[in-house]
Structure formats: structure tokens, C-alpha cells
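For reference, the structure discussed in these notes is given below.
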Amino acid sequence: MFKPHLSRLKAYEPGPSIKEIKKAYGLDRLIKLDANENVYGASPKVGEAIAKSALLPSLYPDSTDGDVRGELARLLGARPGQFLFGCGLDEIIALVSRALLSPGDNIVMAWPTFYEYHNHAQIQGAETKKVPCDANGRHDLKGMLDAIDSHTRMVWICNPNNPTGTYVHAAELADFLRQVPQDVAVLLDEAYIDFVDAKDFPHSLDLLAAYPNLLVMRTFSKSYGLASFRIGYAIGQERLIQELNKVRPPFNTTRLSQIAAYAALKDQSFIKACIRKNHEVRKMMTAFFDKRQIPYYPSQTNFIYIKTENPQVIVEQCRRKGFLIQGFQDGVRVTIGKMSDMQDFLHVIEDCLSDAPAEPKV
Ligand SMILES: Cc1ncc(COP(=O)(O)O)c(C=O)c1O
């Protein structure tokens with residue numbers, strides 16, 4: 001009954017809920033540092049806008065996302081026709097894969113990176129070429145270019161990268177784009193761009209005019225703190241957006257998500273304050289790791305990847321002590337939380353890591 005390649009796939013398995021973990025470990029408090037959400041919540045203006053709005057539950061939402069589109073175009077200096085909206089950036093990844101991939105095609109992506117790129121390639125029956133990140137947790141762009149062949153339809157660049165937190169520099173990206181064939185889409189996932197403070201981070205929107213195959217993607221789930229509303233978007237040349245729009249369900253963002261995103265965009269001072277606090281805590285954490293020679297990748301995001309040989313043990317120990325973090329193959333990813341929580345967390349992780357031998361600093 002089903003497409004044959006679906007047999008290779010597994011449905012997303014959510015972990016236990018906060019309530020279940022607290023009960024299982026007898027915890028009064030559990031600090032959630034596993035999904036890179038905004039630990040400061042969302043702008044209070046979001047709640048106010050929703051409370052004030054007419055609910056209109058029986059009417060379909062605005063299929064054009066007109067208010068959010070207009071405000072984003074103004075803020076980013078783009079034309080309204082350059083945007084495509086989705087039920088989270090997750091749906092944008094699904095839409096792009098649906099529009100571009102067929103069985104026999106392949107995609108090129110880094111490894112580790114955001115898993116959904118691979119997942120949606122599989123759903124479309126395409127293959128994934130995973131190019132390992134280098135020893136510093138960075139995209140190996142030369143390796144990725146070499147991996148492109150005549151069946152490659154898209155290359156994913158997660159910038160900054162989830163889970164390593166590292167980034168591709170402006171000059172590297174410009175050089176890469178010049179070498180990618182024009183009929184291969186370059187998908188630049190900038191979910192965490194607002195947390196970047198590196199001076200040589202690419203101004204990707206300035207590259208759009210020169211590259212009809214480039215699509216930049218962003219979300220309201222991270223710095224804007226609207227993960228539960230599910231709204232994200234892509235920006236590209238109008239022709240590319242028009243083609244992608246053909247595979248978009250007409251009402252894929254809800255009225256409440258549009259109201260929330262618009263109100264959040266209008267309160268830039270809240271976002272700036274969140275970013276400032278994130279940078280303070282990020283600095284404090286990396287100074288702590290440097291002093292104790294704990295190996296980590298330098299982060300441009302709201303999370304840090306700490307290298308360890310036994311990530312699952314560390315995840316489990318942190319859980320017992322009231323911190324929920326995410327384990328990967330050779331490390332753990334920790335959302336940068338509030339200052340006081342992270343001061344507590346650092347002592348917990350230091351104890352956990354000293355029980356487990358650490359690798360040399362990268
Ligand atoms: C790199 C990256 N891209 C996309 C997403 C999906 O974001 P959204 O919540 O908008 O679906 C995430 C979520 O964690 C992410 O880390």
C-alpha cells in the first residue's frame with residue numbers, strides 16, 4: 001500500500017514528558033535544555049495581541065500571511081513576493097523536499113546537522129550524502145562540493161549548525177556558491193541567526209539577487225520564542241518562491257500563529273534583550289569550559305556542544321540532577337539557559353564529566 005522507501009523510515013518518537021521525567025526521578029524541578037527554545041519565553045506583546053484579537057474560529061486564516069509578510073519585508077528590506085511561510089521551518093524543509101526531490105535524486109548535507117533534511121529526502125525516495133563535519137565541528141565545504149554529482153538536487157547548509165553551533169564564514173559561503181552548479185539548490189538554514197555575533201557571518205540576503213538557486217530559511221521558534229505556534233519562512237528570488245508555493249497547502253499557518261509572529265516582530269526590544277542575555281551566559285559558560293579544559297565547539301547559537309566519549313551516560317546523570325539535555329554520537333548539546341540555572345548546571349556537568357574521561361580540547 002505504501003511507497004516502498006517508507007519501510008526505511010521510523011516515525012518521530014518524542015521523549016518522555018517533563019511530568020513523566022520529574023515523576024520517574026522524583027524531581028521538584030527540571031530545567032529544559034534539550035530543544036534550544038527561548039528560555040526567556042516570548043514577548044509579552046504576543047499574549048496581549050492574542051487576548052485582544054477576535055478569535056474567528058470558524059474562518060480560514062489569511063492564506064497569504066499578509067501582515068507578517070509585510071512586516072518582514074519591511075524589516076529585512078526584501079519584496080513581499082520573496083517569502084514563503086510554513087508550519088514551522090520544519091514544514092519549509094518538507095515543502096522544498098517535496099518540490100525538488102524524486103526517487104534516484106540525492107541531497108548533500110553535513111553530519112551531524114539537523115536531521116529533518118535527511119528525513120524528508122527519504123520520504124521522497126532520495127538518497128542522502130552525509131559529509132562529516134571537520135574536527136572543529138564545522139561544515140566541510142570542500143567535501144560537500146566534491147560530493148555533488150549529476151543526481152544531486154540540493155545541498156543543505158545549516159548556518160550556524162545544529163548541533164555543533166559552529167558557522168560558515170561569509171568568504172567561505174561566497175566561494176562555495178560560486179562553485180555549486182546552478183541547477184542544484186543551496187538551502188541555507190538560518191534558524192539560529194539572531195544569536196550570531198561573529199563579524200564575518202554571511203549577509204545571506206545580499207546574495208539572493210546573484211543566486212536564483214539560493215533559499216534562506218528562518219523561524220519564529222528560537223529567538224522569537226514562538227515554538228508552540230509553528231511558524232517559519234523561506235526567502236528567495238520570486239520565481240523560486242512561486243514554484244515552491246505550488247506545493248504549499250493553502251492554509252498552512254494558523255490565524256493565531258500569524259497574530260503571534262506579527263506581534264513578536266513588532267517588539268524587537270524583547271528579542272534584543274534575549275540575545276544580550278544569551279551572549280552573557282554563553283561567554284560565562286565558555287570561560288568556565290576553557291578554564292577547566294572541557295572540550296566544546298565555539299557556539300554562535302543559543303546552545304553549546306560539549307564533546308564527550310559517553311554522551312548517553314552524561315545525559316542520564318544530568319537528568320537525575322534536574323537538567324534535560326540532548327545526547328549525540330560524540331557529545332551532548334545543551335541549550336544556553338538563564339544565568340542562575342547555568343551556573344548550577346556547570347557544576348553538575350563538571351562532576352559528570354570528571355567521572356567520565358574527556359577527550360582533548362578541539
Ligand atoms: C537548524 C534547525 N532548522 C529547523 C528547525 C525547525 O524549526 P521549527 O520549529 O521552525 O520547525 C530547527 C528546530 O530545532 C533547527 O534546529
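Taking the options THR166, THR254, name whichever one is touching a residue at least 40 places away in the same chain (Cβ under 8 Å) and either within 11 Å of the ligand (Cβ to nearest atom) or over 20 Å from ASN136 (Cα atoms) (or both).
Exactly one residue qualifies, and that residue is THR254.
Checking GLU243 against (1) crowded, with 22+ Cβ neighbours inside 10 Å; (2) away from the ligand (no atom under 11 Å from the Cβ); (3) within 21 Å of GLU91 (Cβ to Cβ), which single condition isn't satisfied?
(1)
I want to confirm something. Restricting to region 50-72 and keeping residues that are away from the ligand (no atom under 16 Å from the Cβ) and in contact with a Phe, Trp or Tyr (Cβ under 7 Å, 6 or more places away or on another chain), which single residue is farthest from PRO163 (Cα to Cα)?
So the residue we want is TYR60.
What pairs come up if the first residue lies in region 33-49 and is modelled with pLDDT under 95 and of a type in the set (A, V, I, L, M, F, W, C), the second is outside any loop (DSSP other than H, G, I, E, B) and surrounded by 20 or more Cβ atoms within 10 Å (Cβ to Cβ), and their beta carbons are under 7 Å apart, counting only those six or more places apart or on different chains?
none
Do we have any residue at all in region 30-37 that's of a type in the set (Asp, Glu) and more than 16 Å from the ligand (Cβ to nearest atom)?
Looking through region 30-37, none of the residues is of a type in the set (Asp, Glu) and more than 16 Å from the ligand (Cβ to nearest atom).
For a quick check of your reading of the model, give me the residue pairs whose first member lies in region 73-91 and is of a type in the set (Gly, Ala, Ser), whose second is away from the ligand (no atom under 14 Å from the Cβ) and part of a loop (DSSP other than H, G, I, E, B), with beta-carbon atoms closer than 9 Å and at least 6 apart or on different chains.
Close Cβ pairs satisfying both conditions: ALA73/ARG79; ALA78/LEU208; GLY86/ARG248.
How about region 176-219: which of its residues are over 17 Å from ALA94 (Cα atoms), free of Cβ contacts under 8 Å to residues at least 60 places away in the same chain and either within 16 Å of the ligand (Cβ to nearest atom) or among the basic types (Lys, Arg) (or both)?
Of everything in region 176-219, those that are over 17 Å from ALA94 (Cα atoms), free of Cβ contacts under 8 Å to residues at least 60 places away in the same chain and either within 16 Å of the ligand (Cβ to nearest atom) or among the basic types (Lys, Arg) (or both) turn out to be ARG178, ILE193, LYS199, PRO202, SER204.
Looking only at region 204-234, which residues are hydrophobic (A, V, I, L, M, F, W, C), closer than 20 Å to TYR167 by Cβ and in a loop (DSSP other than H, G, I, E, B)?
If the condition is that a residue be hydrophobic (A, V, I, L, M, F, W, C), closer than 20 Å to TYR167 by Cβ and in a loop (DSSP other than H, G, I, E, B), then LEU208 is the only one that fits.
The values are calculated or read from the model by the stated rules, or taken from the named source; none is laboratory data. Fair warning: this is a prediction, and the values are worked out from it, not measured in the lab. When we count neighbours, we look across all protein chains shown, and the Cβ atoms used for this are built from the backbone with ideal geometry, even at glycine.
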